[in-house]
Amino acid sequence: MIATTRPTTHSTASVSAAAPIVFVVDDDVSVRESLELLIEAEGWRPETFASAQEFLARSRPLAPCCLILDVALPDLSGLDLQKRVAVDRSDMPVIFITGYGDVPSTVQAMKAGAIEFLTKPFDGGVLLSAIRQALERSQRVLDRDAKVKMLRDSYASLTPREREVMVLVTSGLLNKQVGGELGISEITVKAHRGQVMRKMGANSLPALVHMVATLGLATALTS
């Protein structure tokens with residue numbers, strides 16, 4: 001199933017206490033066992049499943065992860081499972097493996113965002129390289145989502161007036177103009193602006209502008 005050529009094992013010293021998870025969905029027990037050994041050797045945590053339904057019953061992990069997926073499965077096909085993962089688990093990149101490769105399936109999988117599409121037997125080094133790429137992508141998505149959640153929590157702490165001031169200030173208006181828009185004094189605008197900067201953790205106006213753009217507030221609140 002996997003060619004005997006093995007890459008040099010990379011150090012796992014940088015792996016956090018919650019090691020990245022590599023999910024494997026394949027109805028062939030020998031494939032699952034081989035991949036489990038390969039994944040463990042790299043210091044990652046393997047979790048194997050014989051069917052798509054078994055995998056879907058597993059709760060969403062809170063660690064970097066990826067999915068090694070067979071195309072032909074006994075219940076839900078690998079391509080159909082990929083569609084579900086793309087909707088519900090954007091932080092889980094997919095790597096396809098198959099006993100036979102056909103162009104339409106490969107094209108469909110890659111268009112849907114698959115990292116790699118490998119035909120058995122495949123080289124272990126190629127698979128491990130794809131897994132590393134997938135886990136790096138997963139970590140980036142998790143980091144981005146965590147930052148957005150922090151911004152949303154900070155935004156939720158603002159008063160309605162502070163939210164209005166934030167959007168107007170980041171739209172390019174001066175304090176005096178913001179006051180005219182809201183019917184309040186320039187001094188009051190400055191006070192609200194200071195509170196906004198503090199609560200949002202923004203050390204500059206450009207930083208606040210970036211936060212507003214990230215949250216999609218400029219369009220939502222001024223349209």
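Points worth noting:
- Shown for 91, 145, 27: other C-beta atoms within 10 Å of each C-beta, ranked fewest to most, produce the order 145, 27, 91.
- Rough spin-label spacing in nm, given labels placed 7 Å along Cα→Cβ, for residue 156 and residue 111: 3.9
- In straight-distance terms, cross-link reach from residue 190 covers every one of the lysines whose alpha-carbon lies under 28 Å from its own, apart from those fewer than eight places away in the same chain; here that gives 147, 149, 176, 199.
- Straight-line reach from residue 120: taking Cα to Cα under 30 Å and skipping same-chain neighbours fewer than 8 places apart, the lysines in range are 83, 111.
- The Cα atoms of segment 144-223 give a gyration tensor whose axes a ≥ b ≥ c have a/c of 1.5 or more with a/b greater than b/c, which makes the shape prolate.
- Counting all C-alpha pairs of the chain, share separated by more than 29 Å (%): 45
- For the chain, the relative contact order works out to 17 percent when only alpha carbon pairs closer than 8 Å and six or more residues apart are counted.
- For the residues 187, 95, 21, a GNM of the chain with alpha-carbon springs under 10 Å puts the largest fluctuation on 187.
- Net length gained if the chain between residue 203 and residue 87 were fully extended (0.36 nm per residue, minus Cα distance): 38.3 nm
- Most fluctuating residue given options 58, 45, 132, as computed from a GNM of the chain linking Cα atoms under 10 Å: 58
- Ordered by the number of other Cβ atoms lying within 10 Å of each residue's own Cβ, fewest first, 138, 185 fall into the sequence 185, 138.
The numbers here are math on the coordinates, done by the rules we state, and not lab data. Bear in mind that the values here come from a model prediction, so they are computed numbers and not experimental data. Here the Cβ is made from the backbone with ideal geometry for all residues, glycine too, and neighbour counts use every protein chain on show.
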